[in-house]
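Participant: What follows is a single structure, and I will ask about it in a moment.
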Amino acid sequence: MSDIVLHNYYRSSTSYRVRIALEMKGLGYDYVPHHLRHGEHLEPAYLAVNPQGLVPALIWSDGTLLTQSLAIIEFLDEIRPEPPLLPKDPLGRAHVRMLAQMIACDIHPVNNLRVLTSLRTLFGAGDQDIANWFRHWVNEGFQPLEKILTSSPETGEFCHGDTPGLADICLAAQVTSNARFGVDMSPYPTIARINAACMALPAFQKAAPQNQIDAE
């Protein structure tokens, strides 16, 4: 039993981000699953915890509710500084946040389950239409991300230097989601290389969707 509770769903990429950060920081937590496709996140019991009805939601040891994966991860980085997920210098931090937000703010919001479900229910989109939509917005984001990572002198084994951080967490979670929709990664060798380096790490492996208690 832990003082930290994470409400999440195994296949949610934003939940995956937070699980990676918790594992990297060595913070134990209680895993509370909510099946998004069954609507469990919209049940009154969960809405009483998180009125937004989204995952992840982290309940800190003092009972404080934290939502939004990037905010949670930066909080964890501040209260448990090692290993750092952001560089020490302001320009480096801005660079990493830029890379992370290219995924978290530009790709993910138009490809999350709420949007994909709405495409189906409001506009009659079929499975192939939804897959095409998903791939389109991933490619719109990954094309410039690949160019930036390939040309930046800050890129090392990972997105920024030779240790994984916030941007790598977002990148790995997105690439994992991409696989479900058949995104062709061959145009993105640098992203693929960084993802492979991430997935070789125990924290990323332990937090991976297929290794969670609610995995199907």
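What follows is calculated from the coordinates using simple rules that are stated; it is not laboratory data. Quick caveat: nothing in here was measured; it's all calculated off a predicted structure. Cβ: placed from backbone, ideal geometry, glycine included. Neighbour counts: every protein chain shown.
Participant: Just the residues that are over 20 Å from residue 113 (Cα atoms), aliphatic (A, V, I, L, M), out of contact with any strand residue (DSSP E or B) (no Cβ under 7 Å at 6 or more places or on another chain) and assigned to a loop (DSSP other than H, G, I, E, B), please, taken from segment 165-216.
Facilitator: 185, 200, 201
Participant: Considering only residues that are of a type in the set (A, V, I, L, M, F, W, C), under 15 Å from residue 148 (Cβ atoms) and either out of contact with any Gly (no Cβ under 7 Å at 6 or more places or on another chain) or without any contact (Cβ under 8 Å) to a residue 40 or more places away in the chain (or both), which ones fall in segment 68-103?
Facilitator: 91, 94, 98, 99, 100
Participant: I'd like the full set of residues that are in contact (Cβ under 8 Å) with a residue 60 or more places away in the chain and assigned to a loop (DSSP other than H, G, I, E, B), limited to segment 149-164.
Facilitator: Hits for segment 149-164 are 154, 159, 160, 163, 164.
Participant: Name the pairs: first residue in segment 56-67 and farther than 17 Å from residue 40 by Cα, second residue of a type in the set (D, E, K, R) and part of a loop (DSSP other than H, G, I, E, B), Cβ to Cβ under 6 Å, at least 6 apart or on different chains?
Facilitator: Here the result reads 61/3, each pair linking segment 56-67 to a residue that is of a type in the set (D, E, K, R) and part of a loop (DSSP other than H, G, I, E, B).
Participant: Of all residues in segment 1-11, which are in a loop (DSSP other than H, G, I, E, B), touching a Pro at 6+ places or on another chain (Cβ under 7 Å) and not charged (D, E, K, R)?
Facilitator: 9, 10
Participant: OK, next. If a residue has to be surrounded by 13 or more Cβ atoms within 10 Å (Cβ to Cβ), among the hydroxyl-bearing types (Ser, Thr, Tyr) and more than 19 Å from residue 109 (Cα to Cα) to count, how many in segment 25-84 make the cut?
Facilitator: Selection size over segment 25-84: 3.
Participant: Check segment 168-186 and report whether any residue there is surrounded by fewer than 12 Cβ atoms within 10 Å (Cβ to Cβ) and more than 29 Å from residue 53 (Cα to Cα).
Facilitator: Yes: one or more hits.
Participant: To continue, here is another question. Quick check on segment 181-199: of everything there that is within 17 Å of the chain's Cα centre (by Cα) and free of Cβ contacts under 8 Å to residues at least 24 places away in the same chain, which residue is farthest from residue 7 (Cα to Cα)?
Facilitator: 192
Participant: Of everything in segment 88-138 that's of a type in the set (Gly, Ala, Ser) and under 20 Å from the mean Cα position of the chain (by Cα), which residue is nearest to residue 195 (Cα to Cα)?
Facilitator: Selected residue: 100.
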